Amino acid sequence: MRGTVLYGPRDVRFEERPDPTIVEPTDALIRLPLTCVCGSDLWPYRGIEPIDGPTPMGHEYVGIVEEVGSEVRLIEPGQFVVGSFFASDNTCEICRAGYQSSCIHRQPGAPTGAQAEYARIPLADGTLVATPGLPPEDLIPSLLAASDVLGTGWFGAVAAEAGPAKTVAVVGDGAVGLLAVLAAKQLGAERIIAMSRHESRQRLAREFGATDIVTERGDEGAARIKELTGGLGAHSVVEAVGTQESMMQAIRSTRAGGHVGFVGVLHDVEIPGEEFFFSHVHLHGGPAPVRRFLPELIELIWNRKIDPGKVFDLTLPLEEVAEGYRAMDERRAIKHCCVRDRTDPPLPARRDVARPPPGCHRV
Ligand SMILES: [Zn+2]
């Protein structure tokens with residue numbers, strides 16, 4: 001098959017790779033009709049997160065099951081499935097409590113890399129959720145979004161206890177932040193403040209349910225949130241960036257007794273103890289247990305109640321994945337979406353170009 005490998009900072013190559021095979025009897029092999037680049041892929045891409053030799057890339061996936069191992073009981077060849085970035089058994093005590101991304105048997109969700117034509121998925125029965133049937137093509141981008149950015153934004157909103165009668169502020173206007181806005185709306189929040197200084201992202205935030213936009217950041221942003229909330233701060237704040245500035249912006253935007261849901265991967269963040277002690281703010285977050293939310297998210301997408309696939313604003317053929325990284329790195333794209341055509345003949349496929357699903361738009 002062909003797949004994406006990162007060799008070093010800004011050195012992404014799309015190349016021939018070994019075909020994934022069933023390694024454990026609990027594995028499944030899936031064919032990927034569509035794949036995408038995550039904001040978190042930019043950390044190793046920029047060289048901020050060191051890699052240990054050439055690394056297959058991609059951890060968000062949906063696909064058609066091609067083959068399952070001998071111990072897989074629930075997932076069958078031919079099903080269309082959605083997974084997430086960690087594989088989990090979904091049966092241990094931690095999974096049953098809803099924290100599948102800390103499963104005691106946790107593994108990478110797609111160890112062979114998901115920016116590729118095929119992927120091996122460990123612990124298939126616990127990790128994968130089948131859709132009610134083969135999805136219409138225009139739903140595939142939204143299902144792909146459920147695999148990571150929607151599930152993560154959703155967890156951020158849940159961790160921040162977004163809900164009816166709450167004012168929710170969202171720090172970060174990447175795909176996760178924008179989808180946290182969508183989640184807050186679905187969870188019934190009364191007022192949703194998106195913090196963004198980019199016009200196209202503000203527009204999408206409003207489409208997803210934002211009632212207010214704040215363009216200031218850092219302490220100015222927090223001051224503006226206080227101003228908008230009678231001096232108190234928001235009840236719920238989603239932190240979807242992961243830097244020192246954004247984390248402090250989130251904590252300082254939250255009222256006493258309020259909740260911060262942090263889902264941006266934290267890099268070198270230090271929270272001053274004394275300030276935090278006196279803030280009375282709850283902090284909860286971490287790698288989103290996307291698996292917990294998948295059945296509900298798939299149902300909302302299947303019934304066309306939400307359209308999270310709108311965060312994909314750049315569509316490229318898979319072999320141009322390196323350009324997708326560049327576009328994300330330069331913030332020309334919110335969320336890059338590489339396309340393959342699932343109606344193509346059996347894989348390995350010919351050169352796949354064009355026919356992007358309607359949910360993906362070239363900008
Ligand atoms: Zn588990």
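If you take the charge dipole of the chain about its Cα centre, with +1 on Lys and Arg Cβ and -1 on Asp and Glu Cβ, which of Pro44, Leu6, Val168 is farthest toward its positive end? Farthest towards the positive end: Val168.
Seen against the Cα atoms of the chain and their longest principal axis, helix 199-208 is set at about 90 degrees. The residues neighbouring Phe14, those whose beta-carbon lies less than 11 Å from its own, together hold a net charge of -3 under the Lys/Arg +1, Asp/Glu -1 convention.
If only the Cβ of Lys and Arg carry +1 and only the Cβ of Asp and Glu carry -1, the dipole of the chain around its Cα centre is close to 860 debye.
Equivalent-ellipsoid semi-axes for the chain (Cα gyration tensor, √(5λ), whole Å, largest first): 34, 21, 19. Listed by chain and number, the lysines whose C-alpha is less than 20 Å from the C-alpha of Lys226, apart from same-chain residues fewer than 8 away, are Lys166. The packing ranking, built from the mean of other Cβ atoms within 10 Å per residue, places the peptides 130-141, 170-181, 232-243 in the order 170-181, 232-243, 130-141, highest first.
Identify all aspartates and glutamates with a Cα-Cα distance to Lys185 below 13 Å; exclude those on the same chain that are fewer than 8 residues away in sequence. Excluding near neighbours in sequence, the set is Glu161, Glu207, Asp212, Asp307. Quick one: Cα centre-to-centre distance for the stretch 211-269 and the stretch 281-296, in angstrom? Taking the Cα centre of each part, the stretch 211-269 and the stretch 281-296 sit 18 Å apart. Basic side chains Lys and Arg get +1 at the Cβ, acidic Asp and Glu get -1 at the Cβ, and with that the dipole of the stretch 152-285 about its Cα centre reaches some 480 debye.
Across the options Val129, Pro18, Pro295, the greatest Cα extent toward the positive end of the charge dipole of the chain (unit charges at beta carbon of Lys, Arg, Asp, Glu) belongs to Pro295.
Here each label is just a point 7 Å from Cα along the line to Cβ, and for Ala130 and Thr215 those points are 5.1 nm apart. When only Cα pairs below 8 angstrom with a gap of at least 6 residues are kept, the chain shows a relative contact order of 18 percent.
Here each label is just a point 7 Å from Cα along the line to Cβ, and for Ala97 and Thr21 those points are 3.9 nm apart.
Projecting the Cα atoms of Val81, Val181, Val62 onto the charge dipole of the chain, computed from C-beta unit charges around the Cα centre, puts Val181 farthest toward the positive end. The slack in the chain from Glu66 to Thr243, taken as 0.36 nm per residue of separation less the alpha-carbon distance, amounts to 59.7 nm. The angle separating the long axis of helix 290-302 from the principal Cα axis of greatest extent in the chain is about 80 degrees. Compute the Cα gyration tensor for the stretch 152-285, then decide on rounded, prolate or oblate, letting a ≥ b ≥ c be the square roots of its eigenvalues: rounded whenever a/c is under 1.5, prolate when a/b is larger than b/c in the other cases, and oblate in all that remain. Rounded. Computed from Cα positions, the angle between helix 175-186 and the longest principal axis of the chain comes to roughly 70 degrees.
Between Asn303 and Phe278, the FRET efficiency estimated from the beta carbon spacing at R0 = 35 angstrom works out to 0.20.
All of the numbers you see were taken from the coordinates with simple rules; none came from a lab. Note that the structure is predicted; figures quoted are calculated from it, not measured. Please note: Cβ atoms are built from the backbone with ideal geometry, for glycine as well, and neighbour counts cover all protein chains shown.
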